[in-house]
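I have a structure I would like to understand better, so I am pasting it below and will then ask my questions one at a time.
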Amino acid sequence: MTKVHRLESSPTIAMSAAKKVSDLARDAGINALHIKIKAPGGHEGPHNPGPGAQAVVRTLSRSGFRIGVIEDVTPIPHDGCRKKHFRRGRRV
């Protein structure tokens with residue numbers, strides 16, 4: 001929805017993308033949603049969703065959809081992979 005990289009996670013751009021998606025879903029005859037929110041997660045990424053996630057949920061609910069479940073599907077590491085070199089070892 002935007003060509004500027006620094007605006008990708010902003011709530012304004014997320015709201016405009018959600019508005020376009022809601023129009024397409026409304027045309028397809030969808031009136032209720034289950035929402036899954038995913039942050040990058042894993043070993044390296046942040047474990048909380050960006051500022052646009054809450055704006056998207058709010059926009060979809062305001063556009064008339066019935067929201068059933070809002071689920072967080074962020075991947076959580078279970079000590080399977082080895083972390084990068086600077087994220088291991090002793091902290092001084």
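All of the numbers you see were taken from the coordinates with simple rules; none came from a lab. Treat the numbers as computed from the prediction; the structure is a model and nothing was measured. In this analysis, Cβ positions are derived from the backbone assuming ideal geometry, glycine residues included, and neighbour counts consider all displayed protein chains.
Which stretch or stretches of the stretch 24-50 have amide N atoms under 14 Å from the point lying 7 Å from T74's Cα along the Cα→Cβ direction?
Counting only backbone N, you get 37-50.
Report the FRET efficiency, 1/(1 + (r/R0)^6), for E44 and V21, where r is their Cβ-Cβ distance and R0 is 30 Å, rounded to 0.05.
Given R0 = 30 Å and the Cβ-Cβ separation, E is 0.60.
Under the 0.36 nm per residue contour assumption, what length would be gained going from the current alpha-carbon distance of R82 and I67 to full extension?
1.6 nm
Let me ask you something else. Just to be sure I follow the rule: in the chain, considering lysines 8 or more places apart or on different chains, how many pairs have Cα atoms under 28 Å apart?
Lysine pairs meeting both conditions in the chain amount to 11.
Can you tell me, using C-alpha contacts under 8 Å and at least 6 residues apart, the relative contact order of the chain as a whole percent?
33 percent
Based on Cα coordinates alone, diagonalise the gyration tensor for the chain, multiply each eigenvalue by 5, take square roots, and list the semi-axes in whole Å, largest first.
After scaling each eigenvalue by five and taking roots: 33, 16, 10 Å.
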